[in-house]
Amino acid sequence: MIKSAAEIALMAQAGALLADVFHALGQLKLEGRSTMALNDLVERMIVDDLRARPASKGQYGFPYVLNASIDDVVCHGMPAAEDVLRSGQIVNLDITLEKNGYIADSSTTFLVGEVAYPARRLVSATYNAMWKGIAAVRPGARLGDVGHAIARYARAQGYSVVKEYCGHGIGRQMHEDPQVLHYGRPGTGLELEEGMVFTIEPMLNQGKAAIRSDPEQWPVYTRDGKLSAQFEHTVAVTRTGVRVLTLRPGETPQCAVG
Ligand code: MG
């Protein structure tokens, strides 16, 4: 579970490339593009431009390089040619990238065109909730501190936190130990140590936390049909705090970094 400085340097390279992919997506006009077109564009970027491997493709039989989760889709939305993004929607794009044997994992919920205030508020609170979790990461802190920081903030904003999906250790494998829950009790759970690398990826719902899914299908929906948003960064525990390996160009950390 503990990575060496050399391994973390490689993971930071993968993370920086993935951050570039998100930066490029942020420059695009998403309205009018299908999620399949975005999948194909990201695949070309990762394979042809960055000479890296889209780590999600083939993992657990998943055939694409990204998940595209629109509006009430909590996670695991499938790219589709018929899903053409419309103004007013929110869409989470979740992408993994492997370079030199190490994987980085990140996601952003994008606003498509003109988005109404309630949806924008959810998206911005979800981003902040992720950062509340990241800011709790330091050697000696517990995973319960991280989860608590996220859930406390989410609840204070009037949102619920999805409990069925969590962050995860990451390295040569996409999913390693530990599991990083987005709720918890302070002072409980695994004690963090320098060299641990994991994702923090809270899903916040506008309504209730309950989800629904079909075991035969990938996408997971909110049960009440209300909106869900998600953000994800891959982070490393440093000697004194935290380093965000997938920080976007121009993104300001919402915490002390070191
Ligand atoms: Mg993840």
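The values are calculated or read from the model by the stated rules, or taken from the named source; none is laboratory data. These numbers were taken from a predicted model, which means no experiment stands behind them. Here the Cβ is made from the backbone with ideal geometry for all residues, glycine too, and neighbour counts use every protein chain on show. When the accessible area is computed, the model is the full protein with side chains, heavy atoms only, and any ligands, DNA or RNA have been set aside. Shrake-Rupley method; radii C 1.70, N 1.55, O 1.52, S 1.80 Å.
Remark: pairs (first residue in the range 93-118, basic (Lys, Arg); second residue away from the ligand (no atom under 14 Å from the Cβ); Cβ separation under 6 Å; 6+ apart in sequence or on different chains) = Lys99/Gln13; Lys99/Leu17; Lys99/Ala52.
Counting just the residues of the range 114-153 that are charged (D, E, K, R) and either under 15 Å from Gln206 (Cα atoms) or over 17 Å from the mean Cα position of the chain (by Cα) (or both), which one comes out least open to solvent (accessible area, probe 1.4 Å)?
Start the filter on the range 114-153 by keeping residues that are charged (D, E, K, R), which leaves 114, 120-121, 132, 138, 142, 145, 152.
Restricting the remaining residues to those that are either under 15 Å from Gln206 (Cα atoms) or over 17 Å from the mean Cα position of the chain (by Cα) (or both) gives 114, 120-121, 138, 142, 145, 152.
Details: Glu114: 156, Arg120: 105, Arg121: 81, Arg138: 114, Arg142: 78, Asp145: 44, Arg152: 142 Å².
Filtering the range 114-153 for residues that are charged (D, E, K, R) and either under 15 Å from Gln206 (Cα atoms) or over 17 Å from the mean Cα position of the chain (by Cα) (or both), the one least open to solvent (accessible area, probe 1.4 Å) comes out as Asp145.
In the range 200-212, is there at least one residue being free of Cβ contacts under 8 Å to residues at least 40 places away in the same chain, open to solvent by 10 Å² or more (accessible area, probe 1.4 Å) and in contact with a strand residue (DSSP E or B) (Cβ under 6 Å, 6 or more places away or on another chain)? Scanning the range 200-212 turns up at least one residue that is free of Cβ contacts under 8 Å to residues at least 40 places away in the same chain, open to solvent by 10 Å² or more (accessible area, probe 1.4 Å) and in contact with a strand residue (DSSP E or B) (Cβ under 6 Å, 6 or more places away or on another chain). When Gly189 is tested against (1) farther than 22 Å from Val123 by Cα; (2) within 13 Å of the ligand (Cβ to nearest atom), exactly one condition is not met: (2).
When you check Ala149 against the structure, is it of a type in the set (A, V, I, L, M, F, W, C), without any contact (Cβ under 8 Å) to a residue 60 or more places away in the chain and touching an Asp or Glu at 6+ places or on another chain (Cβ under 6 Å), yes or no? Full working, then the answer.
Numbers: of a type in the set (A, V, I, L, M, F, W, C): yes; without any contact (Cβ under 8 Å) to a residue 60 or more places away in the chain: yes; touching an Asp or Glu at 6+ places or on another chain (Cβ under 6 Å): no.
Judged against the criteria, Ala149 is not a match.
Given the options Gly167, Gly171, name the one that is open to solvent by less than 10 Å² (accessible area, probe 1.4 Å), more than 14 Å from the chain's Cα centre (by Cα) and within 14 Å of the ligand (Cβ to nearest atom).
Details: Gly167 fails: more than 14 Å from the chain's Cα centre (by Cα).
Gly171 is the lone residue from the list that is open to solvent by less than 10 Å² (accessible area, probe 1.4 Å), more than 14 Å from the chain's Cα centre (by Cα) and within 14 Å of the ligand (Cβ to nearest atom).
Filtering Lys57, Lys29, Lys99 for residues that are closer than 30 Å to Arg239 by Cβ and among the charged types (D, E, K, R) leaves a single hit, Lys99.
Got at least one residue in the range 32-46 being closer than 25 Å to Ala129 by Cα and either in a helix (DSSP H, G or I) or open to solvent by less than 20 Å² (accessible area, probe 1.4 Å) (or both)? Before you say what the answer is, go through the steps one by one.
Let us first name the residues in the range 32-46 that are closer than 25 Å to Ala129 by Cα, namely none.
No, because not a single residue in the range 32-46 is closer than 25 Å to Ala129 by Cα and either in a helix (DSSP H, G or I) or open to solvent by less than 20 Å² (accessible area, probe 1.4 Å) (or both).
Quick check: is even one residue across the range 50-58 free of Cβ contacts under 8 Å to residues at least 60 places away in the same chain, outside any loop (DSSP other than H, G, I, E, B) and not hydroxyl-bearing (Ser, Thr, Tyr)? Yes, the conditions are met somewhere in the range 50-58.
How many residues are open to solvent by 10 Å² or more (accessible area, probe 1.4 Å) and either under 13 Å from Ile134 (Cα atoms) or within 16 Å of the ligand (Cβ to nearest atom) (or both) if we restrict to the range 220-242?
First pass over the range 220-242, keeping only residues open to solvent by 10 Å² or more (accessible area, probe 1.4 Å): 221, 223-227, 231, 238-240.
From what's left, either under 13 Å from Ile134 (Cα atoms) or within 16 Å of the ligand (Cβ to nearest atom) (or both): 231, 238.
So the count comes out to 2.
Looking at (1) of a type outside the set (A, V, I, L, M); (2) assigned to a loop (DSSP other than H, G, I, E, B); (3) open to solvent by less than 10 Å² (accessible area, probe 1.4 Å); (4) within 16 Å of the ligand (Cβ to nearest atom), find the lone condition where Tyr64 falls short. Only one criterion is unmet by Tyr64, namely (3).
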